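The values are calculated or read from the model by the stated rules, or taken from the named source; none is laboratory data. Just so you know, these numbers come straight off a predicted model, no measurement behind them. Backbone-built Cβ (ideal geometry, glycine too); neighbour counts: all protein chains shown. SASA here: full protein model, heavy atoms, side chains in, ligands and nucleic acids out. Shrake-Rupley method; radii C 1.70, N 1.55, O 1.52, S 1.80 Å.
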Amino acid sequence: MLLGDGSSDRMLIEPRHGFMRIPSGEISERYRATGRIGADFAQIYFPTRSPESIAYTRETTDPWHRASRYAPFVHALCEWTICRLDYGPATLLHVSLQYAVFAGSMIFASVSLGLARMIPALLSFVNVLVFLTPVGLAALERGQFSLYVAAAYCWLLLAVLNRSALFGIIAAVLGYLKLTSLPFMFVTSITWLVNARTKSDLYGRLGVISTLGATLILAFMLYYAEGLRFLSIILAQEYLGAPSGMSLTNVAPAYVIKALPFAAVAASVWLARKCTLDFSCWFPFALGAAVLFCFYPTVSYDYSAPTLYALLPFVLWWTPPPGKATKARRYAVKWGFPVLLAFVSLPETPFVPEFIADRIEIVYLAWGVALLVLAFLGETSARSGTDRSVSAKTP
């Protein structure tokens with residue numbers, strides 16, 4: 001990433017999908033980018049360094065002439081900071097800051113949940129997933145923003161547990177760095193909001209969600225004109241584009257997949273009739289949604305898996321509600337989810353056959369649906385349950 005000398009070709013474990021190096025050209029030579037990796041970060045870096053470039057058209061100075069899939073605010077933020085450096089140092093700083101935010105978020109969540117003693121084991125496990133698996137290395141090699149999305153999910157759940165508008169703002173800012181985070185954030189926020197049990201409960205939740213939504217709207221309005229061009233690119237790709245990679249639109253028609261967020265909200269209302277949507281009953285539902293939305297975009301690849309890594313502290317903290325299939329829920333969430341993360345991170349190894357790795361979206365779909373089904377097996381009272389807060393430090 002820093003030197004561009006091809007030494008990464010000698011790695012014992014290679015990134016999934018190999019290396020995508022910046023080709024030689026006038027602009028890549030100008031910023032010492034030739035031969036370096038971080039191809040997805042290039043969608044931001046080169047238009048940012050070239051005032052004549054229009055990021056959201058084919059005339060962009062991206063080496064592959066890809067219209068950027070990142071919001072104008074992200075371009076501006078990078079322009080003010082890391083994109084002032086040459087391409088190699090900027091890319092290395094990009095992934096380093098991202099990892100620091102991700103790890104710091106996991107550590108903060110673990111301490112808040114009373115799991116400080118588990119931090120060494122948690123970080124060891126996620127470090128193996130990030131740095132020693134083909135999928136984790138692919139996210140780094142491409143210069144993806146996946147770990148920011150993981151951190152956004154982490155702060156969103158902390159906002160729900162703490163009723164904290166501040167945590168909601170942090171989640172919104174991190175989620176806006178890559179808008180593939182928005183379907184999960186939408187479903188998580190709305191399902192938590194619409195199942196409030198009292199008027200005061202509703203107002204408290206509404207304050208958190210309104211702050212989160214206002215932060216997202218403000219980030220968009222700061223660059224309104226460019227934002228509209230960006231949205232036109234994203235919407236055209238999502239609703240009119242052909243599926244690419246491991247998208248769920250390979251499994252079902254696009255109109256079915258794109259309706260998932262609204263179907264999930266409707267299902268949560270049904271779920272609330274069976275059990276109080278406190279964290280113990282609601283969490284498997286939210287976790288299943290996170291798994292499904294990992295491959296929700298029309299263009300999606302398996303290096304989206306790191307978006308789920310920061311949910312591990314909540315998995316360890318969670319306790320299943322009473323009712324039938326309690327053991328099944330415990331095994332599926334507390335043991336099954338870490339096993340799922342390891343499995344989907346290990347394609348091109350003896351642990352995951354190639355025919356499964358090539359259709360890994362089927363695995364995500366099956367596991368996500370299973371978690372949603374398990375959520376409906378809870379039997380807590382619709383009148384007596386209360387939200388579990390972080391301050392309770394309940395194991």
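Points worth noting:
- Scope region 12-31; condition open to solvent by 70 Å² or more (accessible area, probe 1.4 Å) and in contact (Cβ under 8 Å) with a residue 60 or more places away in the chain; matching residues: Glu14, His17
Rundown of residues vs (1) open to solvent by less than 10 Å² (accessible area, probe 1.4 Å); (2) more than 26 Å from Gly114 (Cα to Cα); (3) assigned to a helix (DSSP H, G or I), yes/no style:
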site	(1), (2), (3)
Ala286	yes, no, yes
Thr307	no, no, yes
Pro313	yes, no, yes
Leu316	no, no, yes
Arg329	yes, no, yes
Ala332	no, no, yes
Phe343	no, yes, yes
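- Any chance Phe262 is surrounded by fewer than 16 Cβ atoms within 10 Å (Cβ to Cβ) and among the aromatic types (Phe, Trp, Tyr): yes
- The one condition in (1) more than 30 Å from Pro47 (Cα to Cα); (2) assigned to a helix (DSSP H, G or I); (3) in contact with a Lys or Arg (Cβ under 6 Å, 6 or more places away or on another chain) that Val149 fails to fulfil: (1)
- Meets criteria (open to solvent by less than 60 Å² (accessible area, probe 1.4 Å) and either farther than 23 Å from Arg16 by Cβ or out of contact with any helix residue (DSSP H, G or I) (no Cβ under 7 Å at 6 or more places or on another chain) (or both)) for Ser105: yes
- Flag if Phe220 is of a type in the set (Phe, Trp, Tyr) and buried (at least 20 other Cβ atoms within 10 Å of the Cβ): no
- Selection of region 345-364 for residues being open to solvent by less than 50 Å² (accessible area, probe 1.4 Å), under 23 Å from the mean Cα position of the chain (by Cα) and touching a residue at least 24 places away in the same chain (Cβ under 8 Å) yields Ser345, Leu346, Pro347, Ala357, Ile360, Glu361, Tyr364.
- Failed criterion for Leu157 (all others in (1) under 19 Å from Pro297 (Cβ atoms); (2) part of a helix (DSSP H, G or I); (3) out of contact with any Lys or Arg (no Cβ under 9 Å at 6 or more places or on another chain) hold): (1)
- Residue identified as open to solvent by less than 30 Å² (accessible area, probe 1.4 Å), in a helix (DSSP H, G or I) and either more than 26 Å from Leu113 (Cβ to Cβ) or not charged (D, E, K, R) (or both) among Thr249, Thr211: Thr249
- Residues that are open to solvent by 70 Å² or more (accessible area, probe 1.4 Å), within 13 Å of Phe41 (Cα to Cα) and part of a helix (DSSP H, G or I), drawn from region 54-91: Glu79
- Region 166-203: number of residues that are open to solvent by 40 Å² or more (accessible area, probe 1.4 Å) and either of a type outside the set (Val, Ile, Thr) or on the phi > 0 side of the Ramachandran plot (or both): 9
- Selection over region 123-133 of residues that are farther than 23 Å from Leu177 by Cβ and either in a helix (DSSP H, G or I) or without any contact (Cβ under 8 Å) to a residue 24 or more places away in the chain (or both) gives a count of 3.
- Between Met11, Met20, Met106, the distinction of being modelled with pLDDT under 90 and under 27 Å from Leu132 (Cα atoms) belongs to Met11 only.
- Matching entry among Gly114, Gly104, Gly136 (being touching a Pro at 6+ places or on another chain (Cβ under 8 Å), in a helix (DSSP H, G or I) and not aliphatic (A, V, I, L, M)): Gly136
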